[in-house]
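**Student:** Before I ask anything, here is the structure I am working with.
The values are calculated or read from the model by the stated rules, or taken from the named source; none is laboratory data. The structure displayed is predicted, hence computed values, not measured ones. Cβ coordinates were reconstructed from backbone atoms using ideal geometry, including for glycine residues, and neighbour counts include every protein chain displayed. Ligands, DNA and RNA are excluded from the accessible area calculation, which covers all protein heavy atoms including side chains. Shrake-Rupley method; radii C 1.70, N 1.55, O 1.52, S 1.80 Å.
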Amino acid sequence: MTAASRLLPRDVLRVGAAGLNTRPLRVFLSALGIAIGIAAMVCVVGIASSSRAGLDRQLAALGTNLLRVEPGQTIHGEASHLPVESVDMVRRIGPVESASATARLTDVHVYRSDKMGFGETGNLTVFAARTDLLDTVRGELASGTWLNAATEKFPAVVLGAATAQRLSIPRATPDVKVWLGGQWFTVVGILHPIPLAPELDYGALVGWQAALAQLRFDGYPVTIYTRTREESVLAVKGVLARTANPEHPNEVQVSRPSDALTAKQAADATLTALLLGLGAVALLVGGVGVANTMVISVLERRAEIGLRRSLGATRRHIRLQFLAESLLLSGLGGTGGALLGIGVTTGYASYQDWPAVVPPWASIGGLAATLVIGVCAGIYPAWRAARLSPTEALAAT
C-alpha cells in the first residue's frame with residue numbers, strides 16, 4: 001500500500017513562488033495593476049482622513065464659537081441695517097467674550113496707484129474696522145501692525161492676504177501707500193488668510209474713526225463678529241437677532257462661519273466616494289490582469305503540469321499550486337500598493353501641512369481585497385490546470 005501524496009503549506013508556497021520567478025516581467029506588470037488600484041484606494045482614504053484631521057486641527061485653533069451677525073431685508077424687500085449701538089448691545093450678552101464689527105464701504109475703492117482707472121478695482125473691498133476685530137476673528141499679521149488707537153483716526157490701512165497679493169505689496173513698510181477713497185493711505189499691516197472670515201482676505205481695512213471722518217461712512221455696522229463661550233454657542237445664537245436689532249429681529253441674519261468649513265468637509269466626502277469608485281475600477285482591472293496572466297501560465301506550462309501529474313501530483317496539488325501563484329501575485333501587488341499609497345498620502349499631507357492619517361482599516365482592507373482578487377482570479381486557471389490529464393499535457397508539448 002503506497003502512502004498518500006502530500007503537499008505541505010511551505011511546499012505550496014515554494015512551488016507557487018517558483019512559478020512566478022520564471023516570468024518576472026509579466027509578474028511585475030500584473031502586480032502593478034493590483035498595486036495601482038490599492039494605492040489609489042489607500043491614497044483616497046488617507047488624503048481624505050488627513051484633510052479632515054487638518055480641518056479639525058484648524059477648527060480647534062480658530063474655534064467653532066464664532067458667530068456672525070448681518071442685516072437682512074425688510075418685509076418690503078429693501079436692504080436693512082443694524083443699529084449703530086448694536087455692537088455694544090451684543091457685548092452685554094452674558095456668555096459673549098468679545099464682539100467687533102466691520103462695515104463695507106461700497107463707494108470706496110483701493111488702487112495701487114492714483115493712475116489706475118476707476119473701474120479697475122480688482123474685486124477688492126474697503127472695510128471700516130474696529131480695533132478689536134483681529135482678536136475676535138483670531139487673525140494673524142503676516143507683516144506690520146494692526147490698527148490701534150493711534151492709527152485708527154489717520155489714513156492707515158491693513159490689507160488682507162489676497163489684497164496684498166493683487167496689489168503686489170509683499171510687506172508693510174512706512175513708505176508703502178495705496179490710493180484709497182481719493183487719497184493716499186499708508187499700509188501699516190498685511191494679514192495672513194483668515195479661514196473663518198474669508199471676506200477679509202480680499203479687503204482693505206481702515207480705522208472706524210478714519211472712515212467716519214474721511215470716507216463718508218454712515219457708522220452702521222454691517223457684520224458683527226461675536227466670540228462666545230463654547231458651551232453657550234447655541235444659546236447665544238438664539239438671542240443674537242433680538243439683541244442686535246430689538247425693533248426688527250426678523251431683519252437680522254445670524255450664521256456660524258465654522259459651519260461653512262463643515263459643509264465643505266461633507267462635500268469632500270462625496271468626492272471621496274467617487275474616487276473610491278475609481279480606485280475599485282482600477283483594482284478590478286488589476287484582477288483581470290492577474291487572471292489573464294494565470295490563464296496564459298496554464299497554457300505555457302502544460303508540460304510541467306503533465307510531468308508533475310505523472311510523478312504523483314494530484315489534481316488538488318495542481319489547484320493549490322496555481323491558486324498559490326495567484327495569491328502571491330496579488331499579495332505582492334497589494335503590499336506594494338499599500339506602501340505606495342501610504343507614502344503618497346504622507347508626502348501630500350506634509351506638503352499641505354496636515355497630520356498624515358492613514359486609517360489601519362484602509363491598508364488592511366486593501367490587502368484583504370487583494371487576497372479575494374487573488375482567489376477569484378486563480379480559481380478558473382487552477383481548475384483548468386487540474387483538469388489536464390498527464391498524457392494530454394505531455395502530448396501537447
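**Student:** Does any residue of segment 162-184 turn out to be open to solvent by less than 20 Å² (accessible area, probe 1.4 Å), assigned to a strand (DSSP E or B) and farther than 26 Å from Asp259 by Cβ?
**Tutor:** Yes, segment 162-184 contains at least one residue that is open to solvent by less than 20 Å² (accessible area, probe 1.4 Å), assigned to a strand (DSSP E or B) and farther than 26 Å from Asp259 by Cβ.
Per-residue answers, yes or no, for (1) over 31 Å from the mean Cα position of the chain (by Cα); (2) closer than 15 Å to Gly207 by Cβ:
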position: Leu66; (1), (2): no, no
position: Thr74; (1), (2): yes, no
position: Thr106; (1), (2): yes, no
position: Val110; (1), (2): yes, yes
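**Student:** With the condition kept exactly as written, say whether any residue in segment 214-232 is among the acidic types (Asp, Glu) and farther than 14 Å from Phe127 by Cα.
**Tutor:** yes
Rundown of residues vs (1) under 30 Å from Ser113 (Cα atoms); (2) touching a strand residue (DSSP E or B) at 6+ places or on another chain (Cβ under 8 Å), yes/no style:
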| position | (1), (2) |
| --- | --- |
| Ser168 | yes, no |
| Trp179 | yes, yes |
| Thr186 | yes, yes |
| His192 | yes, yes |
| Ala213 | yes, no |
| Tyr220 | yes, yes |
| Tyr225 | no, yes |
| His248 | no, no |
| Glu251 | no, yes |
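**Student:** Taking into account only those residues within segment 23-45 that are open to solvent by 50 Å² or more (accessible area, probe 1.4 Å) and not β-branched (Val, Ile, Thr), which is farthest from Glu325 (Cα to Cα)? Full working, then the answer.
**Tutor:** So the first thing to find is which residues in segment 23-45 are open to solvent by 50 Å² or more (accessible area, probe 1.4 Å), and the list is 24-26, 28-29, 32, 36, 41.
Subset that is not β-branched (Val, Ile, Thr): 24-26, 28-29, 32, 41.
Details: Pro24: 13, Leu25: 15, Arg26: 13, Phe28: 13, Leu29: 15, Leu32: 15, Met41: 24 Å.
Ranking the qualifying residues of segment 23-45, first place goes to Met41.
**Student:** Take the conditions open to solvent by 40 Å² or more (accessible area, probe 1.4 Å) and at pLDDT 90 or above and apply them to Asp88. Does it pass?
**Tutor:** In short, yes.
**Student:** Whether any residue in segment 229-236 is acidic (Asp, Glu), out of contact with any Cys (no Cβ under 9 Å at 6 or more places or on another chain) and modelled with pLDDT under 90 is what I want to check.
**Tutor:** yes
**Student:** Among residues belonging to segment 99-143 that are free of Cβ contacts under 8 Å to residues at least 60 places away in the same chain and of a type in the set (Asp, Glu), point out the one that is least open to solvent (accessible area, probe 1.4 Å).
**Tutor:** Only one residue tops the list, namely Asp132.
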